[in-house]
Every structure is written in structure tokens, then in C-alpha cells.
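Asker: One structure coming up, written as C-alpha cells, with questions to follow.
The values are calculated or read from the model by the stated rules, or taken from the named source; none is laboratory data. Note that the coordinates shown come from a computational prediction; the quantities given were computed from them, not determined experimentally. Methodologically, a virtual Cβ is constructed for each residue, glycine included, from the backbone with ideal geometry; neighbour enumeration extends over all protein chains shown. To get the accessible areas, we keep the full protein, side chains included, count just its heavy atoms, and leave off ligands, DNA and RNA. Shrake-Rupley method; radii C 1.70, N 1.55, O 1.52, S 1.80 Å.
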Protein chains: 2
Amino acid sequence: MTSFDLPAISGFRPPALPDVDVQGFWGDRIDAVAHRTAMILYDRCVAAGMLEQINPDIPVPPLRLPFHTRADGTPDTVNVQMFWDSDVAKVIETAAYALYRTPNPDLEAKTDEIIAMFCKLQQPDGYLNSWFIRMRPGERWTNLRDCHELYCAGHLMEAAVAYFQATGKRGLLDAMCRYADHIGSVFGPGPDQKPGYCGHEEIELALVRLGRVTGEQRYLDLARFFIDARGQKPHYFDIEAAARNEDPKRFRHDTYEYNQSHLPVREQTKVTGHAVRAMYLYSGMADVATEFGDDSLTDALKILWEDLTEKQMYVTGGIGPAASNEGFTDYYDLPNESAYAETCAAVGLAMWASRMLGRGPDGRFADVLEQALYNGALSGLSLDGSTFFYDNPLESRGGHHRWTWHRCPCCPPNIARTVASIGTYMYGVAADEIAVHLYNESTARLAVAGGSVTVEQKTSYPWDGHIDITLGLEKPLAFRLALRVPGWCDGASLAINGAAVECEIERGYLRIEREWQPGDAVTLDLPMQPYALHANPAVRADLGRAALARGPLIYCVEETDNAAGLHELVVDDTIATASTSVLSALNGGVAIDVPAHREDWQGHGNRLYDRQAPGRRPVTARFVPYHLWDNREPGEMLVWVRT
Amino acid sequence: MTSFDLPAISGFRPPALPDVDVQGFWGDRIDAVAHRTAMILYDRCVAAGMLEQINPDIPVPPLRLPFHTRADGTPDTVNVQMFWDSDVAKVIETAAYALYRTPNPDLEAKTDEIIAMFCKLQQPDGYLNSWFIRMRPGERWTNLRDCHELYCAGHLMEAAVAYFQATGKRGLLDAMCRYADHIGSVFGPGPDQKPGYCGHEEIELALVRLGRVTGEQRYLDLARFFIDARGQKPHYFDIEAAARNEDPKRFRHDTYEYNQSHLPVREQTKVTGHAVRAMYLYSGMADVATEFGDDSLTDALKILWEDLTEKQMYVTGGIGPAASNEGFTDYYDLPNESAYAETCAAVGLAMWASRMLGRGPDGRFADVLEQALYNGALSGLSLDGSTFFYDNPLESRGGHHRWTWHRCPCCPPNIARTVASIGTYMYGVAADEIAVHLYNESTARLAVAGGSVTVEQKTSYPWDGHIDITLGLEKPLAFRLALRVPGWCDGASLAINGAAVECEIERGYLRIEREWQPGDAVTLDLPMQPYALHANPAVRADLGRAALARGPLIYCVEETDNAAGLHELVVDDTIATASTSVLSALNGGVAIDVPAHREDWQGHGNRLYDRQAPGRRPVTARFVPYHLWDNREPGEMLVWVRT
């Protein structure tokens, strides 16, 4: 595969949340979020004291809150964090999607209460950041590099958009428009404006969301300004540090690669630094390219995409191997047991991939969108919606488990809001085309070609690759329907109204252009055989190993199915004789049973080294979807199994 | 293999240095030490300012010596170290062996000068430690736990014994006897004595050496006292810390497992803590068992031996995987690239193994003695004797190389003195038996059964397994000759005066009891085929890999022979077709060429993961002895190659 070209920017945009009703596989997960996770997030924010920082009606809390109760009931102290606004914002965003899914007066009242706190806290000029208003008055906009100020603003904007879309309530949306206008007055290219940008990207993509829902061009323009300003010389973070009488060189993370401001974005060629920051930046870049038809970002986006997906991505779609910088290290450095692979980073990759689809249908992006969503992101949430992974290793000796809360509680509301808004990732809509990026039992109401289409998917995907799509139309309508054929799929077949249709695959999509009739039935069959994936030998951690997959799901072995000592398992060369079975303990998930051997040191006594190779006895290895691991008995887990 | 029994303690003792002249393989290495290393060590001690701490004729140096010259010529500062006496002592010991090998008036004069400094520094009561006399007056014997005080004494005793044996000069020996007598007055079970012992073991084995050469029982008794006192309650290090007004709990290494004083030695069952300390302790325990016929130490020695060699030892005989404690971690935790495996620790293992042979011939100990000496220890010294490994990983990406000096310069003189005194490891002599533990071109003059025997070995071992032994006798003499048959050897054959002799192997030795005639010729053939070693699958780092070996030598692949990307090499199941060749660039070392494949990601383009397994192209992999790596072009190295 040589360097690829990208589709021309074609202005595909995602549907809004109310456009897609989701059932089936994702529907179950959304229900868990709506019925459990959303309230759990609220309760844990309260338990951690996070609302005390925001609430203007109580005294300013100390930097270390004395006694709070951990989710497990034990007492703890908590440091007030400068980025808590963002976490509370994601809790609001999750609540929004939950309320859209299922009325919940209690949750709605509590969320309204938080929103009221924020609105009351907002300053007359529109400024709104609880850390700087309450803990650090007078210091606003003095340390964009470290203090997450615009990042918090961005998440509040996303929450405002979501809450408005889900409930119709405009309070937070109006407040955030005022805040965005204030930000737009402070930052910009003008002589009295600051040419700054945030050390943690997010505001860029949030302004695009705000611009799309309000129709206000100025928010899009401000997003573009932040993208364009990043990394210009003289470096804003240097100037800012000097203004604080600090040595700019004494940056805790050594290099501005950490926050992707080492170069102007169009000159960046390597995915570096903090993984979540990188993904949010590239998401904003892709959004700006889509909104402005800005082809000057294309080369950078393409090179960075290749850099990430060809040299720095786990097979689960997890990214950022290192805990030290929560991010990237060297090419092909993808250790499995110590993988950081933060849930938020996989969510961020899904966000970037989905925004790259703004250019138009391209399986390259949709495949990675699916890979990250179904594996490295979804693993972050337990089946019952109550516990969370922060890091997502691909191997565990039995000590890695989901927790109830985290001092940096970014991941729980991030995976929750992503799951609960999965419908917005499923489609892309342009003037005369609907692209189906993800398959899942669902009903979407989409506007295309001057008409309106109801797209109904009947499928048990990802457990099965048969998809029945019915197009609901009031009258015949000519448009293009692009159906994704996943990269993992061989032998896809298409039928329309029962008649087989030959159709070429273009960039991973069947693009069917015709005048559609009301009730047209499109049937897509995506054969789903288990397959083994091998890694480039440059990835030392995966040498002589394979990862088993089926459809979009990466599989793993767990101790509970296979006994301890998973490294003794050696999968036979062929997995042609693999069989599948449905596991009720995993919500109907499909397990794969594969002929394997187990290495055996019996007969070698206590010898540490021996001329005799280990013995082997035949076993059947049971694989389960990676995202479902650690939902049963705790124990070892392994993705890359020896071959 | 089940738990093993040990030979009854049979009082086998090693020959003294002058008893064995070594040529051949080890002779070349001794010559490098004698002609180069010994003077290099002296020069680097001078360059590092180490003698300024000792020399009583110059002012006391500051704790940080301002400007000294690194061995590479660049300027540096050096912290004065409390353990430098021990390093200078090993430099003296190396010089002793070098002078015995080759007269060198310059080296002798310089060594005499250092010895004179020590003698002049010695206090009227016999006390002799440059750190406490010059840098910390008044603080002697107040912190045995951390300050290496008795450890330094022990190394000076070893140096004194060696210098006396090599040159006949008694100055240092007499000084150290006075010091030993002082130590014996301070430490002991008496009411006015301290029941203490050193945080870094060494004094125990040194006192045995001193006792053997002087014939003074009191030194052996003192050695036994230190062994017996270790780890008794109340804990001496607790008492001592309290006396310094320090909290005993605030020990930098957390637990007394670090210095093996967590339990009385007879109750210890797990090899823990700092690897060199552990080896020196166990060496002292074995010596005491031999000297006193003390069977109460047998169980502990046996259990600790099993613990180390069955769960915690690299295939190179390297030990102590972790840099953090320079020592042991968990069972089977033997990572290859990050292996610490300090040269001193492999030397210490050889010391312990050779002392276990004090019980009598037992291949279990001799095999490990050979494994550590020829691999993980000898790797510490470059072929030309000028540079040194401190840590000895079993895998390198190309960045690991021998250095000229180290701020903790323990390893260079330790491997140098070991190589230069290798003759003392070759034999064990009891009342009526001579045991040959190591084969090497050499001549030994040994006293046995009331007579005297000259044992002449003609062999190119370890490159070839044919050994001709001639016994020089003045008259016929009845004694037992025990010839080791290494554990790696299948099909050993024995002939006496040309006639094949059948002889059972007992504990790894052919024990031939007869009246030997002057000139009797014993021929031993140890077939030497390359073989592959496999690790217990509990060693995760070695899963699906094998180490190639031939005779006592563990082999590795180097980039210079095989090109970069050694992890792409996969050795075929059979190495039956391996061929050998002699490498002049490696001093005549034998290389092994093995049919292999090289994994190839060409045809996979830039894909990071692919359903197609990597391609394979046939190659010949060249293996060279591990101890010889990094003597040619720098590059990658790998011991455990994929199979």
C-alpha cells in the first residue's frame, strides 16, 4: 500500500443526535448509560466534591477538600483540579443524551441545577471558568499552556449543544454563546487581541459544533483562528511564560511536542505528545477543513493519519503507549502489558476518524473509526455501565480492573457521552448523498437531495454481518447511498429488493446512485469469518503472535475461560476450524473457540533451561471480544496470542 | 528433576594461585589482564582521584573532587565514595596476579606505593579504613548497614593474601592480620563486643582466605561468627540506627532482604535483594561449612541454590535482573533487554559455585560455575582487556557498549582479578582426591595422598572437547581423580593410556580410583555439538525462543554478522545442519552458522497489521559466543532467538 490520496472535501456532516434512534448492540449500551452511568457520574462528581468548586452559593473550597467519600465508601481527600469544569461538562453532555433516551426527572433536575450554577457563576463579560473565577481570581488567560482554560470552555460548549438538542433548553447554550463571544473578543489576530490558543486542544472542535447548531459563522471563524495560530513564532507559550516571569524553557513536559504546538499545524508530520490532545487537535483541523473547504490542511491531516495508523496504533485502536506523557513514544513502540492506551485517546481517535469522513466516504477512516469504537474505546465501560478503565492494556497478569472513579475523571464521562451519542457517528450526509459508516439496528431520519429519508437498519451487527436496510420515502427521490464495506470483509454481496446487484467498491464504499422508491429494501451481506491479524515485525511486542478478530471486533483470551498461564497458549496455524458460540454471561456476545496447544513444562522438572523444548498438549482456546473483558471473574487477559 | 541431595562435606579446597599455570583460552585472557588491564585499572584509579582518599600524606580531599580526567580524556568531577577501599583492593589483587604472570617493575612499584599508603594510614589499634579515618573520623563502626566498612576490610584481606602469594611480600598481609585481630576484638559474642555484621557481605569469605593462608583458626572463627550473627533478633541494624538517633524503619532499601539480614542465614529460603551481596554471603556460608564441616548450613545452601538456579538465573549465568536494587525481583522475571545482570554478580555466582565444590565433586555446582564464568562474567571484559560491562543484558538495540570506567568501579577489577586467578577455580583437592572442575590448557602442581602430582592438560577447550591429561609423578601414587563430565555433554568417552575405560558418572564426575603411574595419560572426549536451550515457559521473556549453545558457551547473534533487525530472525526447528567456523577477528572463537529465516514485511506495504503473516526468506544466521559480543562493530545483539 503506497501513500494514499484523500477524497476531495465534500462537506459531509454528521446527523444531529435526534436524527438517529439506536437499538440492538449499541442500543443496549446506550440504555446502560441512560439508566445507570449518567446518574453514577453525577453521584461521583458530588462525592468527589467537584460541584463545590463551581457552586457560587457556597464558600470557595480549599485546594484540598478534606473529607469526601470514595465511590467504594471509604473516605478520601481530593485535590481541587483546574480541569474539573470539563469533566462536569461531559457529565452534563452524558445526561443530555440519557435524557433524550429516557425521561428521568431526577437526573434532569440535578443537571439543571449544575447548569444553573454555571450560569450564576458566569461573569458579566461572559467569562466562565470556575477555577479562575473562584480559586485564582485575577489570573484568567495568563497560562493557556498549562491551565486547560479554553479546553474547559470547549467541553462546556459541547455540553450546551447536547443539552439543547436533547431537551430543547437553551440556558447553557445561550451562556456558552456569550462565553464564546467573549473568547472571540479576547483572542484573534487583531492588535488588541491575544494570538493564543489552548495547551489542551478542544475549543476548536467545540466551536465548530457550536457554529453548526447556532448557524453562527463567527464561531467557525474563531475555531479556524485557533488552528491557524497554533505553533506560530514567536511562540505564544514562550511569551506568556515570560509575562509570568517564568523561564519558558522550564516546561514540565520538556517540549511543545507534548501539546502539538512545536510547529504550525500545517507543518506537522509526526503524531507526538499527549494522545488526547493530539486527537482533539486533528479533529478540529478536520472540522475546519470540512467547514471551510480548506485544502491547505489536507497534506498535514493525511501525513499525520498515516503516521498514527501505520506506526503508532494498537490493534484495538488504542493509542498512546506511555503513561509518562499519556501519549506517544517511538514508532512501533507498542508494549501490550504496560500499554497506557487511555480510553479518552481511543474516543479521540474515533472523533478524528469520524471528522475525516467529513471529506466524504472513505473506508480508511471508517475502518479506524470502527476499530477504535468497538475495541479500545468501548472497553473503557463495563457491560453494566458502572465501572471504567482509564488505561486499556492488551495484556494483564490479572491485576487490571475497571474502577469506580479516578482523580483525573476524564474517561468515564467521555466514553459514556460517546456511547450515548453513537448515532451521530453512524452516518454522513452531504447535499445528494447519504453515507452509512456504521451498521447497527437503528432508524435514522435524514435530509438529502431536497427530501427526507428514513433509513431503517435491521441487523444484529457486530455479531452477524447481515444487514437489511429499508428506505422510507414519501416519494421517489434520487440520491446516492454509500454503503461501507469494511476492510476486514471479503466477499460482500448486495441486493436491492431481493435482486443481486454488482457494484464496485470505491474507497471502501458501495456508492449506489439511483432514484430510490419508497420502501426500497437494500440487503448487504458482510461475511464474518474469524481471522488472524499479524503485526509488522517492527512491533517487537507482537513478534510471533497473532490477534484474533471477527468483524470489527478484536478478541482476547481470558483466564476465566482458559485457566491461568495464557502465555502458554499457542494457536495453530490455521483457524479455519474455529467455531463460534453465544455467551449469555456476556450479553449474547459471540465467543470463538480455536484449536490450540498449551505448552507444558511437566517432564522438565524444576529445570529453568532445557535442551528439550516444552511439551504441547492440544486444547481449545476460547476467545471473547476484547471490549468485553473483565466483565466476569477477574484474571489474566491476552490479545496477542502466540502462533 | 526432584529436590537433590548434596555430597557430604568432604573438605575439598582450591589450589593456591602458584599451583596452576594457565595457558590456552584462559591464558590469552590472563595475558590481556597482565599486560593491559592491571595497569589500566591503576591509571583509572588515579584519574578518578581514588588514591587521594587513601594517601595520608596529602590533605583530606573534599567530598567532591573538583577536576579529574575521565579515561576518555574529558574532565569530570567525582564524588569520593565510602567503598573505594574495596575497589583499590581489587586493583591490588589484580596487580598481584598480573605480577605473578609477568614481571612488571612499574606496576609493582605503583602497587607497593598504594600498599604503603594503606600501611601508613593504619591506626595504632589496627583499624584501617580510609573513609572513616580521613573523611568521617570518630564515626567508625556506627553504621555497618550502609557504609561498607567490613566489606572494604574483606577486600583488603583478599588483596593481601593475593599479593603475598604472588610476590612473597608480607607488608599488606601483616597489616590486614592486625586489622583482622582488631575486628575480632570489636565484634563477637562477648559482653563487651558488638554482635554486628556488614550490610555488604564479603568479610566472611575473606577471613576464610586469610585463615587458610595464615593457618590461624581465629580468622575462621570470626568468619563463622559473622555468618551466625546475621539476621538474629533483636536486629543489629535496628539497634545501630537507633543509636544514631535514626528511625530504623527509614531504610533506603525498605527491607533487610536487600542485604540478606531479614532472617538468620539458616532460615533463609529465598534468594533476595542485592545480587552481589547475596552471592558473597552464600560463598562465605559455603566456606564456613567446608572449614567447620558444619552441616547445619547445608539445608539453607541447598534451598537457596535451587531457588537461584531454578527460578532466578539467566541462561548466561547472569543474575539480578533489576537495576533498582541491583538484584532480584520475582521468580522467572528475567527480561533480556533491561537485564541488569551485573558483572560482579556473575563473578559472585562463580565464587559461590566454586565454594559449593568444597563439599566434593558435584556437576550441579561445576556446571553453573562454568556457565557463569564463560558467559555472564567474562562478557564483562573486552577481548583486549581495556573496557568493561557493568550490566550484561541478553539483548541490545545497539546502544549498549563497554565503558572505560564507572563511578561505582566495582566490576572492572572484579572481572580482572577473577580472570587472572582462574587457575584457582579449576581444581579441588582433598586428602586423597583431585577433582578437575574446569578444562583448559594448563599445568597444575597439586599435593594429594601424601605425594605430589603434576596435572598437565592439553586442550583447546572450550573450542573443542578433546582433553589430554598427563599425570606427572615421582613414583606411583594411589588417589582418586575426578574428571567432570559437563551437563551439556552427551557421549563423553574416557581412555587411559590409550585404552578405553568404562566409568560411571557420579554426580557429574568420572571418579577414577587407582594407583597412578608416572606419565599416565588420560584422554577425555567431550563431544561438542551445538544445541538449543529452551526456557521454562514461566519466563515470559523467552517464550517461543531458544538460546543456542555449544559446550559451555552461550551464543548470540550480532548485527555485524546478521544485519540489523535481529528480531526478524527465526531459527528453524532443527539445528542439526549447523556448521562451525573459526573467526580470527574474535581471537579464534568458534562461530556457528545456522539455517534460519528472516521475517519480511515487504509486500505488506505500510500496513501496521495484516491478515497475511509476515513473509519469510531463508538466511544463514551466524552465532558468536555471548562473552565475545561488542568486540567488533557496534550494533544490535540478541541471545534468545525466535524459533
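Asker: How far is B:Leu63 from the same spot in each other copy, in nm, shortest first, if each label point sits 7 Å from Cα toward Cβ?
Answerer: From this label point to the equivalent ones elsewhere in the assembly: 3.1 nm.
Asker: Tell me, what is the percent relative contact order of the range B:431-525, built from C-alpha pairs under 8 Å that lie six or more residues apart? The partial results should precede the final answer.
Answerer: Numbers: 216 pairs, mean separation 27.9, N = 95.
This gives 29 percent for the range B:431-525.
Asker: Among the residues of the range A:520-541, which ones have their accessible area go down by 50 Å² or more when all the protein chains sit together, as opposed to their chain alone (1.4 Å probe)?
Answerer: In the range A:520-541, residues shielded by partner chains: A:His534, A:Asn536, A:Pro537, A:Arg540.
Asker: How high is the FRET efficiency between B:Val46 and B:Asp384 when r is their beta carbon distance and R₀ equals 22 Å, given to the nearest 0.05?
Answerer: Computed FRET efficiency for B:Val46 and B:Asp384 comes out at 0.60.
Asker: Something else: Per residue of chain B, what 222 nm ellipticity follows from adding -39500 (n - 2.57) for every DSSP H run with n ≥ 4, rounded to the nearest 500?
Answerer: -9500 deg cm²/dmol
Asker: Let me ask something else. Per residue, how large is the accessible surface of chain A? Use a 1.4 angstrom probe and give square angstrom. Write out the running numbers ahead of the final one.
Answerer: On the way: 22030 Å² over 643 residues.
Accessible area per residue, chain A: 34 Å².
Asker: Compute accessible area for the range A:606-643 by itself and then with all protein chains, 1.4 Å probe, and report residues whose area falls by 30 Å² or more.
Answerer: A:Asn606, A:Arg607, A:Leu608, A:Tyr609, A:Asp610, A:Arg611, A:Arg642
Asker: To continue, here is another question. I'd like the residues of the range A:1-40 whose 1.4 Å-probe accessible area shrinks by no less than 50 Å² going from the isolated chain to the full set of protein chains.
Answerer: A:Met1
Asker: Taking only pairs that are 8 or more places apart or on different chains, how many Lys pairs in the range B:17-427 have Cα atoms under 26 angstrom apart?
Answerer: Total qualifying Lys-Lys pairs in the range B:17-427 comes to 15.
Asker: Moving on. Report, to the nearest whole %, how much of the accessible area of the protein assembly as shown belongs to carbon and sulfur atoms, 1.4 Å probe, protein only.
Answerer: Result for the protein assembly as shown: 49 percent of the exposed heavy-atom area is carbon or sulfur.
Asker: What is chain A's relative contact order, in percent, from Cα pairs under 8 angstrom and six or more apart in sequence?
Answerer: Values: 1382 pairs, mean separation 83.2, N = 643.
13 percent.
Asker: What list of ³J(HN,Hα) couplings, whole Hz, do you get for the range B:317-333 from phi and the Karplus terms 6.51, -1.76, 1.60, once you set θ to phi - 60° and write x for glycine and proline?
Answerer: The phi angles translate into x, x, 9, x, x, 9, 6, 4, 10, 6, x, 8, 10, 9, 4, 6, 8 Hz.
Asker: Continuing with this model, one more query. In terms of modelled amide H atoms, which long-range or inter-chain residues lie less than 5 Å from the amide H of B:Leu548?
Answerer: Placed amide hydrogens put B:Leu533, B:Tyr555, B:Val641 under 5 Å from B:Leu548.
Asker: Quick one: work out the % antiparallel among DSSP beta bridges in the range B:431-525, nearest 5.
Answerer: Percentage antiparallel, nearest 5: 90.
Asker: Now for a separate question. So which GluC sites (Glu not before Pro) in the range B:127-217 end up in coil per DSSP with only 15 or fewer other C-beta atoms within 10 Å?
Answerer: Sites meeting the loop and neighbour criteria: B:Glu139.
Asker: Can I ask one more? So how far, in whole Å, is the C-alpha centre of the range A:542-561 from the one of the range B:454-523?
Answerer: Centre-to-centre (Cα) distance: 56 Å.
Asker: Can you list residues whose amide H is under 5 Å from B:Gly589's amide H, if they're 5+ apart or on another chain and H is modeled 1.01 Å from N?
Answerer: Here B:Leu583 satisfy the definition.
Asker: In B, who owns the beta-carbon nearest the axis carrying B over to A, and how many Å from it?
Answerer: For chain B, the closest residue to the axis carrying it onto A is B:Gly544, 2.
Asker: Going 7 Å from Cα along the Cα-Cβ axis for the label, what nanometre distances separate A:Asn606 from the same residue across the other copies?
Answerer: Going from nearest to farthest copy, the values are 5.5 nm.
Asker: When you look at the Cβ of every residue in A:298-310, what mean number of other chain Cβ atoms sits within 10 Å?
Answerer: Mean partner-chain Cβ count within 10 Å for A:298-310: 1.
Asker: Between A:Ser584 and A:Arg170, what's the calculated FRET efficiency when r is the beta-carbon distance and R0 is 41 Å? Round to 0.05.
Answerer: 0.35
Asker: Among DSSP beta bridges whose residues both lie in chain A, state the antiparallel percentage, nearest 5.
Answerer: Percent antiparallel among DSSP bridges in chain A is about 95.
Asker: While we're here: In whole percent, what relative contact order does the range A:532-643 give with Cα contacts below 8 Å and a gap of six or more residues?
Answerer: It rounds to 37 percent for the range A:532-643.
Asker: How large is ³J(HN,Hα), in whole Hz, for each residue of the range A:219-233 in order, when computed from phi with the Karplus curve 6.51 cos²θ - 1.76 cosθ + 1.60 and θ = phi - 60°, using x for Gly and Pro?
Answerer: Result, rounded to whole Hz: 6, 5, 4, 5, 4, 5, 4, 4, 5, 5, 6, 4, x, 5, 9.
Asker: Under 5 Å between amide H atoms, partner at least 5 residues away or on a different chain: which partners does B:Phe187 have, H built in plane at 1.01 Å?
Answerer: Distant-sequence amide H within range of B:Phe187: B:Lys194.
Asker: Right, something else. What's the total accessible area buried between chains A and B, using a 1.4 Å probe, rounded to the nearest 100 Å²? Please report the intermediate quantities before stating the final value.
Answerer: Working: alone 23900 and 23920 Å², together 44070 Å².
Using a 1.4 Å probe on protein heavy atoms, the buried area is about 3700 Å².
Asker: I need the phi-derived Karplus couplings for the range A:19-33: 6.51 cos²θ - 1.76 cosθ + 1.60, θ = phi - 60°, integer Hz, Gly and Pro marked x.
Answerer: Each residue of the range A:19-33 in turn: 6, 10, 9, 10, 10, x, 3, 6, x, 4, 5, 5, 4, 4, 5 Hz.
Asker: Measure out, as a whole number of angstrom, how far apart the alpha-carbon centroids of the range A:232-267 and the range A:124-159 sit.
Answerer: With the range A:232-267 and the range A:124-159 each reduced to a Cα centre, they are spaced 19 Å.
Asker: Between copies, how far apart are the A:Thr580 label points? List them in nm, one decimal, shortest first, with each point 7 Å from Cα toward Cβ, please?
Answerer: Relative to the other copies, A:Thr580 has label-point distances of 5.6 nm.
Asker: Then there is this: Say each of A:Asp192 and B:Asn606 gets a label point 7 Å from the Cα, pointing the same way as Cα to Cβ; how far apart are those two points in nm?
Answerer: My value for the distance between the label points is 4.7 nm.
Asker: Suppose we keep just the DSSP beta bridges with both residues in the protein assembly as shown; what percent of those would be antiparallel, to 5?
Answerer: Of those bridges, close to 95 percent are antiparallel.
Asker: So between A:Arg252 and A:Lys475, what do we pick up on full extension, going 0.36 nm a residue minus the alpha carbon distance?
Answerer: Full extension from A:Arg252 to A:Lys475 adds 74.1 nm.
Asker: Could I have the simple spin-label model distance between A:Cys119 and B:Thr574, label points 7 Å from Cα toward Cβ, reported in nm to one decimal?
Answerer: Each label point lies 7 Å from its Cα, and together they span 8.3 nm.
Asker: Here's something else I'd like to know. Set the Förster radius R0 to 45 Å, insert the Cβ-Cβ distance between A:Asp106 and B:Ala613 as r into 1/(1 + (r/R0)^6), and round the FRET efficiency to 0.05.
Answerer: So the FRET efficiency works out to roughly 0.25.
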